[in-house]
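Asker: Below: one structure in structure tokens.
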Amino acid sequence: MHSNAVNRLMPLWIAVLPLFTLLCVFIGGALFTELGGNLVVVAILLSAVVAGLIGYARGIKWQSMEKAAVDKFADVFPVVLILLSIGGLIGSWMLSGTIPLFVWLGIALIDLQFIYVSAFIAASVMSLFTGSSWASAGTIGVALMGLATVMDASLPITAGAVISGAYFGDKMSPLSDSTNISAIAAKADLYEHIRHMIYTALPSFMIALVVFAVIPANQASDSINAQHATQAMQIMIEHVFLPAWWQMLPPLLIMVAIVKKWPPVVGITLSTLLALLLAVGLQPFSVADAVNAYLHGFTLDMLPASQQHDATTNTAFVKLVVRGGLYSMVGTLVVIIAAFLLAGAMQATGALNVIIQSMLKAVKGTFSLVASTLVSGVTLLSLTSHGGVSSLIIGNLYQPAYTKHNLANVNLSRSIEDSVTLLDPLLPWTVSGLFMATTLGVATIDYLPWALFCLGGPLFSLLWAALATRSGFGIRRLKLQTES
């Protein structure tokens, strides 16, 4: 009873204080310190301390906050397993030559000046057919980042193009978990939900496509040097990894796992084992190399002495191959744990409920309702780090409000996608944000301005809501009725 009374009486300014702390530390740390990647952990931990102190001052026991954090971590534990397993997958695909093969083919097939738009389209197609942004970024995305390194293209722009494409395909695919969950959360028909998303997805896609197509990857004076670099990379890959058709078998196994709807960790693990077996059986690597590649990623000391010297002199080759491994995801796991300490304290004190209820009270019409849904979605996402949980909570809370304002459920399901799904990879402390930054090797803050599709979704969602009373375009009503 005491806890419920505290929750009801908590002022809004106290409820948002941990989030305000998070924002201030991020901005101040970026401007006045050189913490780099450590800034994320510092900001989250300081915000968790603030939330914990608020809970202590209001009579909330530490055990309650700790239990809330543990419960939230348990909700995303399957996602964490996927995160760790993809680290091992990248190391094994590197050892088998699968990722180098993608780069080798990319050099042969992709024009230097169209690396960004090629990355956007390739990630879109991969994600559309697999229904997984993570699978797209963790496979073809890694290869495209390696290709961009060789071509001396901008890594943040390439990462933004990969993420934009990966999330377009994920959002528009009926195979996507997030798409299905958003429809379920809003009690909307899946295919009606996908069709309604076209209003925000199509213009965002077209803008991203045009921008990535017109940005040149290199200045003319650098093109000759880039061509020499790509030729040197092709020769090095041929010398070390012996490109062959069988290196496509691990990604094909991933495709089979997705079509058969096997658990993601099972499909990733089987693909990893197959890649390691191919590396030991058909590549000049030992069992010890396979184990080390899985745990620590590929390293140059796995190569014969004669190849190590040549590889060391090729900086782009080193950046491409020296990566992956289970332990490469440990730092990401630390940030996730810190995020759940903050989320647990916010939930135990009732601050999260205060924030969302305050947003619902401010709703007056279509625009404020959609805007409130978007803000609530990203707020919940930032505290739970779990898109599925956030989507289900938002759907349950906002359904009555959408019905009251004569809006069909597909408006709610689309708003959930345009906030929770699309903004997930743009927050540095969420599981998806950490995965993308770790996998693609680019900090979230660096690729964020170039994740054009992800940024376009919420903007177009707000635009159609703002124009609802005049045009009605992009907004579906329950019945013909003029909004007062």
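Asker: Could you report the accessible area of D189 in Å², rounded to 10, computed with a 1.4 Å probe on the protein chains as they sit in the structure?
Answerer: 90
Asker: Right, another one. Mind checking the full-extension length gain between S368 and H296? Use 0.36 nm per residue of separation minus the Cα-Cα distance, one decimal, nm.
Answerer: Working: separation 72, 0.36 × 72 = 25.92 nm, distance 4.89 nm.
Between S368 and H296, full extension yields 21.0 nm more.
Asker: OK, next. Rank these by accessible area, largest first, 1.4 Å probe: L462, L273, L89.
Answerer: From most accessible down to least: L273, L462, L89.
Asker: Where q = 0.20 Å⁻¹, what log10 of I(q)/I(0) comes from the Debye formula for segment 167-289, counting one point per Cα?
Answerer: Log10 I(q)/I(0), no solvent term: -1.06.
Asker: Using a 1.4 angstrom probe on the protein heavy atoms only, line up V375, V410 by accessible area, largest first.
Answerer: My answer, sorted largest first, is V375, V410.
Asker: Here's something else I'd like to know. Helix 155-172 sits at what angle to the longest principal axis of the chain, using alpha carbons and giving 0 to 90 degrees rounded to 10?
Answerer: Tilt of helix 155-172: around 60 degrees.
Asker: Also, I was wondering about something else. Taking a probe of 1.4 angstrom, what is the accessible area of E238 in Å², to the nearest 10?
Answerer: 80
Asker: Considering the dipole of segment 398-484 built from charges on the beta carbon (Lys and Arg +1, Asp and Glu -1) around the Cα centre, which of P400, L463, L426 is farthest to its positive end?
Answerer: Value: P400.
Asker: Any idea of the accessible area per residue across segment 174-215, 1.4 Å probe, to the nearest Å²?
Answerer: Per-residue accessible area for segment 174-215 comes out at 47 Å².
Asker: Another question, then. With the cut-off at 1.5 for a/c, could you classify segment 341-436 from its C-alpha gyration tensor as rounded, prolate or oblate?
Answerer: oblate
Asker: Could you name the lysines in cross-link range of K364, using Cα to Cα under 16 Å and dropping any fewer than eight places away on the same chain?
Answerer: Excluding near neighbours in sequence, the set is K404.
Asker: Kindly report the accessible area of segment 288-440 per residue (heavy atoms of protein chains, probe 1.4 Å, no ligands, DNA or RNA), in Å². Please list the in-between numbers first.
Answerer: Numbers: 4920 Å² over 153 residues.
Here the per-residue accessible area is 32 Å².
Asker: Oh, and also: List every residue whose amide H lies under 5 Å from the amide H of R477, counting only residues 5 or more places away in sequence or on a different chain, with H placed 1.01 Å from N in the peptide plane.
Answerer: For R477, the qualifying residues are A408.
Asker: Enter the angle in degrees (range 0 to 90, nearest 10) between the Cα long axis of helix 264-282 and the first principal axis of the Cα atoms of the chain, meaning the one along which they spread out most.
Answerer: 10
Asker: Using the beta-carbon distance between A244 and T469 and R0 = 60 Å, what value does 1/(1 + (r/R0)^6) give for FRET efficiency, to the nearest 0.05?
Answerer: Working from the Cβ atoms, E equals 0.45.
Asker: Given V389, I445, S415, which one lies farthest toward the positive end of the charge dipole of segment 389-484, if we put +1 on the Cβ of every Lys and Arg and -1 on the Cβ of every Asp and Glu?
Answerer: S415
Asker: Additional query: Quick check: convex hull of the Cα atoms in segment 117-200, volume per residue, rounded to a whole Å³? List each step's numbers first, then the result.
Answerer: On the way: hull volume 6.7 nm³, N = 84.
It comes to 80 Å³ per residue, whole-number rounded.
Asker: For a quick check of understanding: with a 1.4 angstrom probe and all protein chains in place, what accessible area in square angstrom does I254 have, to the nearest ten?
Answerer: For I254, the solvent-accessible surface is approximately 20 Å².
Asker: How large a share of the accessible area of the chain, in percent, is made up of carbon and sulfur atoms when the probe is 1.4 Å and the other protein chains stay in place?
Answerer: Its accessible area is 69 percent carbon and sulfur atoms.
Asker: Counting only C-alpha contacts under 8 Å and six or more residues apart, can you give the relative contact order of the chain as a whole percent?
Answerer: Relative contact order comes out at 26 percent.
Asker: If each residue of separation counts as 0.36 nm, what is the full-extension length gain between L333 and V214 once their alpha-carbon separation is subtracted?
Answerer: Length difference between fully extended and current span is 39.1 nm.
Asker: Round to the nearest 10 and give me the degree value, 0 to 90, for the angle of helix 452-466's Cα axis relative to the longest principal axis of the chain.
Answerer: Compared with the principal axis, the helix lies near 20 degrees.
Asker: A further question on this structure: Estimate the FRET efficiency between A401 and A74 by the formula 1/(1 + (r/R0)^6), using the beta-carbon distance for r and 25 Å for R0, to the nearest 0.05.
Answerer: 0.25
Asker: Residues of segment 1-146: accessible area per residue at 1.4 Å, in Å²? Please report the intermediate quantities before stating the final value.
Answerer: Working: 6570 Å² over 146 residues.
Using a 1.4 Å probe on heavy atoms only, each residue of segment 1-146 averages 45 Å².
Asker: By a straight-distance test (C-alpha under 30 Å), which lysines pair with K72 as possible cross-link partners, with residues fewer than eight away in the same chain excluded?
Answerer: Within the straight-line limit of under 30 Å, K72 reaches these lysines: K61, K171, K187, K260, K261, K361.
Asker: Using a 10 Å Cβ count of at most 10 others and DSSP loop calls, identify the longest part of the chain lacking such trypsin sites (Lys or Arg not before Pro).
Answerer: It works out to 1-259.
The values are calculated or read from the model by the stated rules, or taken from the named source; none is laboratory data. Every value quoted in this text rests on a predicted model; they were computed, and no experiment measured them. When we count neighbours, we look across all protein chains shown, and the Cβ atoms used for this are built from the backbone with ideal geometry, even at glycine. The area values use the complete protein model at the heavy-atom level, side chains included, leaving out ligands, DNA and RNA. Shrake-Rupley method; radii C 1.70, N 1.55, O 1.52, S 1.80 Å.
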